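To keep things clear, I will list the structure first and then write my remarks on it.
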Amino acid sequence: MFTTNKLSKRYSLLITFVLWFLITSQIVRIIFFAWQYNEASLNVFTFLGTLLTGLFFDVGTISFIVFPSIVYYFLFPNKWIGSWIDKIIVWFFTTLVTFILVFTFFAEITFWDEFKTQFNFIAVDYLIYTHEVVKNIQQSYPLPLLIIGVSLTVFLVLFLFHKRNAFKNTFSHPVTLKQKGIVLVSGLISCLFFTLFITNNHAEWSTNRYNAEISKSGIYSFFSALRNNQLVYNEFYTTINEKEAFSIVRNKLEENNTKFQSNGLSIHRKVFNTSNSVPLKKNVVIILVESLSASFMKEFGNEKNITPFLDSLAQKSIFFNNLYATGTRTVRGMEAMSLCIPPTPGQSIIKRPENQNLFTVSNVFNSKGYNSNFFYGGDGYFDNMNAFFGGNGFTIYDRGRGSVLSDEIKTTRNNIDDSEVTFENAWGICDEDIYSKMIKVADQQYKNKIPFFNFVMTTSNHRPYTYPNNAIDIPSGTSREGAVKYTDYAIRKMFQKAKNKPWYKNTVFVIIADHCASSAGKDEIDVANYHIPAFIVNLPKEINQKVEKQCSQIDVFPTLFSIMNWSYDSNFFGKNVFSPSFEERALIGTYRKLALMKDKKVMIVSDQKKQSFYTWNKTNNSLKPLPIDKSFLKETISWYQTADYLFTNKLLE
């Protein structure tokens, strides 16, 4: 019978529910350990530390989840306990929340399979773009079996609660106002403590990134990312004097053929053609290839022969074999290739508000009479692509499903018709179809005697890895290797078609990955998973070469403009890699950690005003700590601080 010296059995279901959540979370954590047993630290103290840290964050998570129930128990009168309305409310919300949590546990596992991390800003983005994500889940996983599995698990959990008499006790025992108050205050204190004093960053206690990620609670991480999706640089990162930062960056960007247009906080400059060669007016097609890691190519040691055409192109193009992506997402690749800017913390500029009328590569092309076009096989609403490209001088060609551009964006948007599509999955039409559309538009541009700059974003090298049947010898939808081989096949087929066009001889093709297929590793920045291939194709044979210099996506267009002997205005952080003054370096980052790499030295600055310095061992892809080099640190801060300053203060126009 209920007594005042112990907690009423009215809370039996609540306590059982909390214990189930905490135990299940630890089981998921152990699954992640088993998954990464080769890379996560299994030292007994680190292992226990990971589980205990995870338990701490799970307590915070469950505090928020059950707090509405605590309020319900506090407000619900004793005389109605066990009534039909009490039973309906408790059974319904227990079943609903259990279903959501079981589904979330399944989602955590599939998210880890794809990204090797707990929920983060990517999961937040996926929540926004539900159409693509739901279709991707449907096409990637046996959804009926998944729903049956989740439903069966929920049934078993509720049956367990029933067998422990949790429901029976909850509906049979009253509770004193004092105990109601104690439970309410305890729950409120826990929620306030985790709200005011604990951040998701506190889980990152281990130098091994896998242990740090496993220490997190997936739901807690999700809401942390939702709340901190944009980071104010000056608040979260170490800074230096603005003038000093710009002085350092301007010094790095200065060349004999440049003239800065201002003495202030600016990198705006005029780049002059100092050669005696006539400027070339070639059409330019850039193909930003989804998730094309350098490690997929035979050129870099892959023995699966899944990129035969790209490997052949590496021998007859300007091939960058030591180039690094700036980030880990498509929007970062787009940002780097269009703005030639280092990654700024938090959201990519592509996804931020007020990102129209910036100085992009289209400004350079359009100033020379080119027509700039953006091609995407999905709905360009995804990741804010249409708003960004449409607001920065591009005509849009996409597979829209009714989304519209805002009134402020003055551009033309063209839908890709059903008649132009032979295959389509969750993310859009296959690569062959988007290339066919680009060629069709190029034909019209050539007919109208308009030089063109066509920016193509592919989709096929993405889960669910589906593509037209019989295109290659790997069945559709079976593996990443198949998607890569199809990507290679589609590019080869595009060149076969383009070579028959009258505009081909006067067209340069830039082929480059948006990012690697995987970016996670045991270190806070996994350097090898930023290494991507890049090609400039169809220039005179005598200038084809393999570029050994360490460089970044942001350097590709400044290099191309130099090859084409162009004078142009620049607000770019990238440089011509063939310039005698080019200093080898790569700028890489996640949405929180920003790094400058020079040869094998890597400086990382992160939120909470932290910094760390390493030497990178390329053989085993590991980072070894070094004492902080103050000069190196200042330069690292300068690149990122100035990039953030220019965008924040609307000086990238």
*What nm value, rounded to one decimal, do you get for the distance between K79 and L626 when each label is placed 7 Å out toward the C-beta?*
7.6
*asked:* Which of rounded, prolate or oblate describes the chain when judged by the alpha-carbon gyration tensor and an a/c cut-off of 1.5?
replied: prolate
*With unit charges on the beta carbon (Lys/Arg positive, Asp/Glu negative), name the residue among F557, F535, Y489 whose Cα is farthest towards the positive pole of the charge dipole of the range 487-561.*
Y489
*asked:* Please list 3J(HN,Hα) in residue order for the range 200-210, calculated via the Karplus relation 6.51 cos²θ - 1.76 cosθ + 1.60 where θ = phi - 60°; whole Hz, with x for glycine and proline.
replied: 4, 5, 5, 6, 8, 8, 9, 6, 7, 4, 5
*Using θ = phi - 60° and the Karplus curve 6.51 cos²θ - 1.76 cosθ + 1.60, what whole-Hz ³J(HN,Hα) does each residue of the range 341-352 get, with Gly and Pro shown as x?*
10, x, x, 8, x, x, 5, 5, 4, 3, 9, 8
_Positive end of the dipole of the chain, charges at C-beta (+1 Lys, Arg; -1 Asp, Glu), about the Cα centre: which of W35, S317, G264 has its Cα farthest in that direction?_
W35
*asked:* If you take every residue apart from G301 with its C-beta less than 13 Å away from the C-beta of G301, what net charge results, scoring Lys and Arg +1 and Asp and Glu -1?
replied: 0
*asked:* Can you give the FRET efficiency to the nearest 0.05 for I240 and N617, using r as the Cβ-Cβ distance and R₀ = 25 Å?
replied: 0.25
_Set of lysines with alpha-carbon distance to K6 below 29 Å, sequence-local pairs under 8 removed_ = K79, K87, K163, K168, K178, K180
*Going by the alpha-carbon gyration tensor, a ≥ b ≥ c the square roots of its eigenvalues, is the range 267-412 rounded (a/c under 1.5) or, if a/c is not under 1.5, prolate (a/b greater than b/c) versus oblate?*
oblate
_Summed residue charge, Cβ within 12 Å of I628's Cβ, Lys/Arg positive, Asp/Glu negative_ = +3
*Among rounded, prolate and oblate, which fits the range 285-582 when a ≥ b ≥ c are the square roots of the eigenvalues of its C-alpha gyration tensor, a/c under 1.5 means rounded, and a/b larger than b/c means prolate?*
rounded
*Entries of K252/K549; K116/K252; K116/K624; K282/K598; K546/K609 with Cα pairs more than 27 Å apart*: K116/K252; K282/K598; K546/K609
*asked:* Residue by residue through the range 489-499, what is 3J(HN,Hα) from phi via Karplus (6.51 cos²θ - 1.76 cosθ + 1.60, θ = phi - 60°)? Round to whole Hz and write x for glycine and proline.
replied: 4, 5, 5, 4, 5, 4, 5, 4, 5, 5, 5
*Report Rg(Cα)/(2.2 N^0.38 Å) for the range 46-137, keeping two decimals.*
1.44
_Sequence-distant residues sharing a close amide H with W566 (under 5 Å, placed H)_ = none
*For S293, distant residues with modelled amide H under 5 Å away*: A517
*Helix-derived [θ] at 222 nm for the chain: sum -39500 (n - 2.57) over DSSP H runs of at least 4, divide by residue count, nearest 500?*
-13500 deg cm²/dmol
*Within 10 Å, count the other beta carbons around each residue, average over each peptide in 264-276, 446-458, 416-428, and list them highest first.*
446-458, 416-428, 264-276
*To the nearest 10 degrees, how steeply does helix 242-253 sit against the main Cα axis of the chain, on a 0 to 90 scale?*
50
*Reachable lysines from K493, criterion Cα separation under 20 angstrom, eight or more residues apart if same chain*: K298, K316, K437, K440, K485, K501, K505
_Give the separation of the Cα centroids, the range 1-56 to the range 454-517, in Å._
46
*Where trypsin sites (Lys or Arg not before Pro) fall in DSSP loop in the range 479-509, at most 12 other Cβ within 10 Å*: K499
*Given the peptides 292-299, 620-627, 460-467, arrange them by the average over their residues of other C-beta atoms within 10 Å, most packed first.*
460-467, 292-299, 620-627
*Net charge, A107 excluded, C-beta distance under 11 Å - Lys, Arg +1, Asp, Glu -1*: -3
*So who's got an amide H within less than 5 Å of the one on S552, skipping anything under 5 residues away but keeping other chains? H placed 1.01 Å off N, in plane.*
Y324
_In the range 479-586, chymotrypsin sites (Phe, Trp or Tyr not before Pro) in a DSSP loop with at most 16 other beta-carbon atoms within 10 Å_ = F578
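Only the coordinates and a few stated rules stand behind these numbers; no lab work does. These numbers were taken from a predicted model, which means no experiment stands behind them. All Cβ positions, even for glycine, are placed from backbone atoms using ideal geometry, and neighbour counts span all protein chains on display.
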